[in-house]
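Student: Below: one structure in structure tokens.
None of the figures in this text is laboratory data; all of them are computed from the coordinates on show. The structure displayed is predicted, hence computed values, not measured ones. Positions of Cβ are generated from backbone atoms using ideal geometry, with glycine treated the same way; all protein chains shown enter the neighbour counts.
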Amino acid sequence: MPESKLKYGVSLYSFAKPYFLREMDVPQLIARSKELGFSGYTFVAAQMCKGYPYPTDEFLDAIHEASERNHMDQVCWEGYLDFGMRNDRDLTAEEIEEFTRNDIIYARKAGFHMMKTQHSISPEIFQKMAPFCEKMDVKLCIEMHWPHYPKVKEWQTYLRIMEKSDGWLGVCPDTSIFQKYPHQLEINQALDDGFDPDKLQIILQMMRDDCEKEEILKVCTCDVEENYVEEYCQMFYRPEAKVGELADLLKYSHMIHGKFYYLADDEHDPCIPYEDIMPLIKKCGYEGYIVSEYEGHHCSVKEDENLQLKRHCKLMKRLYR
Amino acid sequence: MEAAVDDLMIPEENIRFGVNNKWFTRKEMLEANKEYWFTGEKALIRILSDKPLEKGAHKVYLKMVHKIPYTGYFGNYLHITSDYTRTLTLN
């Protein structure tokens, strides 16, 4: 049987709760990720890199050493492009360039060969970064995250730039762009906020039946219910991104963010269509990492991220075969 | 940012915000965008006064507007206003 080309990683952002509570530090999270079945990791530098944007060599050495000790690939240094970090104005082009260069330098010092930024970098600056990326041996990718999708005009420009970059510039598709249904933790929040349980079930079924939003809204009898339906329909209903369009992105993909929020005992994701995504990734021959990114902690801190990540890893491996 | 002790508002020029072992006036904070208030770390508020507080309970009020640059782009960002009043005891 040929070896699987796909590699399975984890975003340490998934462990936001134990990290914030100081239950585990970054080297411990790297070791835990290995135990859960992953072979590589990414981390959000501004979240977990003390001293960011100028972390100490001691910290960088510690995470590199923990990565080697646990045989974990350092997949990506996930930078923030805090475009609005000043109180009085957005960053200038010159400042964005300098922040990006700074992240690339520290990523390389820590042992990473990939850095992730955001679409607000602008096509001009993104293109301008290519020679520096090559010099530093660090690839630079932009995350395609909801509400963006491949047909957004700006992304057509970015893809053309990636095509001409000899692989130094790329994209990180986040599977949230394909989300088609609210996840269980969001549904629980709606119930907690007073959404009538019977009506909520009717509405969720109407979403599965592809009913028009106006029809769904007719079921609502209070502001709470109407607000949730508006939110569901805006964020999770009839996504603009089509799974088939992922094929065009994979050519330029440095990694994929495998977003998920909650997996029940059946290890099935009713929100993000992994049953379509994983076979497509295989068919296209994509050889990089898919990085599990658990974000259920946005809605509930009661869930066990270890269990959730194990389930997601199993789900992806099962559907890739 | 606003602060009050025993219902007396503190003039802005007497408030200092402390992170990363440094102290900032409000004016300095506006330029301190390369200082990161790290995840989960506590900031300290220092209030300058000619009249030291007496021992005992004091009502302390703080208000902060927190801009979150990650939540938006191009001039449109989430701002969260939070305030808190707590009785603290000086021993």
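Student: Modelled label-to-label distance, A:SER39 and A:LYS314, 7 Å Cα→beta-carbon offset: nm?
Tutor: About 2.1 nm separates the two model spin labels.
Student: Ranked highest first by average number of other Cβ atoms within 10 Å, how do A:173-179, A:248-254, B:63-69 line up?
Tutor: A:173-179, A:248-254, B:63-69
Student: Under the rule of at least 5 residues apart or a separate chain, name every residue whose amide H is placed under 5 Å from the amide H of A:LYS259.
Tutor: HN-HN under 5 Å from A:LYS259: A:THR175, A:SER176, A:GLU293.
Student: Once phi is turned into θ = phi - 60°, what whole-Hz ³J(HN,Hα) does the Karplus curve with 6.51, -1.76 and 1.60 give for every residue of segment A:209-218, x standing for Gly and Pro?
Tutor: 8, 6, 6, 6, 4, 4, 5, 5, 5, 5
Student: Something else now. Note down the magnitude of the dipole of chain A about its Cα centre, charges +1 on Lys and Arg C-beta and -1 on Asp and Glu C-beta and zero elsewhere, to the nearest 20 debye.
Tutor: 1280 debye
Student: Assign unit charges at the C-beta atoms only (+1 for Lys and Arg, -1 for Asp and Glu), then state the dipole size of segment B:26-91 relative to its Cα centre in Debye, rounded to the nearest 20.
Tutor: Charge dipole, segment B:26-91, about its Cα centre: 180 debye, nearest 20.
Student: Taking R0 as 60 Å, what FRET efficiency do you get between A:ASP137 and A:LYS302 from their Cβ-Cβ distance, rounded to the nearest 0.05?
Tutor: 0.90
Student: Then there is this: Any chance you could check the Cα centroid distance between segment B:17-36 and segment B:43-64 for me, in angstrom?
Tutor: So the two Cα centres are separated by 19 Å.
Student: Continuing with this model, one more query. Which one of A:GLY167, A:GLY244, A:GLY84 has the biggest mean-square fluctuation once chain A is modelled by GNM with Cα springs under 10 Å?
Tutor: Answer for the Gaussian network model of chain A: A:GLY84.
Student: Using the Cα gyration tensor of the protein assembly as shown, with a ≥ b ≥ c the square roots of its eigenvalues, what is the shape: rounded (a/c below 1.5), prolate (a/b larger than b/c) or oblate (neither)?
Tutor: It comes out oblate by the Cα gyration axes.
Student: Sequence-distant or interchain residues sharing an amide H contact under 5 Å with A:LYS139, placed H: which?
Tutor: Those qualifying (amide H under 5 Å, at least 5 residues apart or on another chain) are A:MET114, A:MET115.
Student: Need the full-extension length gain, B:THR85 to B:LYS67, defined as separation in residues times 0.36 nm minus the C-alpha distance. One decimal, nm.
Tutor: Going from the current span to full extension adds 4.4 nm.
Student: So, with +1 on the Cβ of K and R and -1 on the Cβ of D and E, and no other charges, what is the size of the charge dipole of segment A:184-235 about its Cα centre, to the nearest 20 debye?
Tutor: 140 debye
Student: Toward the positive end of the charge dipole of segment A:195-237, about the Cα centre and with charges on Cβ (Lys, Arg +1; Asp, Glu -1), which of A:TYR228, A:LEU200, A:ILE216 goes farthest?
Tutor: Of the listed residues, the answer is A:LEU200.
Student: Shifting gears a bit: Which loop GluC sites (Glu not before Pro) in segment A:1-74, with loop taken from DSSP, have no more than 15 other Cβ atoms within 10 angstrom of their Cβ?
Tutor: A:GLU3, A:GLU23
Student: Where does helix A:123-136 land angle-wise versus the long Cα axis of chain A, in degrees 0 to 90, nearest 10?
Tutor: 50 degrees
Student: Which FRET efficiency, nearest 0.05, do A:HIS71 and A:GLU245 yield, Cβ-Cβ r, R0 45 Å?
Tutor: So the FRET efficiency works out to roughly 0.80.
Student: Residue separation times 0.36 nm, minus the C-alpha to C-alpha distance between A:GLU226 and A:ILE202: what's the value?
Tutor: 7.3 nm
Student: Across peptide B:62-75, how many C-beta atoms of other chains are within 10 Å of each residue C-beta, on average?
Tutor: For this peptide, the per-residue mean of nearby foreign Cβ atoms is 3.
Student: Would you kindly state how much longer the chain becomes between A:LYS283 and A:ASP265 on full extension, computed as 0.36 nm times their sequence separation minus their alpha carbon distance, in nm to one decimal?
Tutor: So the chain would gain 3.7 nm between A:LYS283 and A:ASP265.
Student: A further question on this structure: Determine, from the Cβ-Cβ distance of A:PHE20 and A:GLN234 and an R0 of 30 Å, the FRET efficiency 1/(1 + (r/R0)^6), rounded to the nearest 0.05.
Tutor: 0.55
Student: For segment A:228-286 and segment A:82-123, what is the separation of their Cα centres, given in Å?
Tutor: 27 Å
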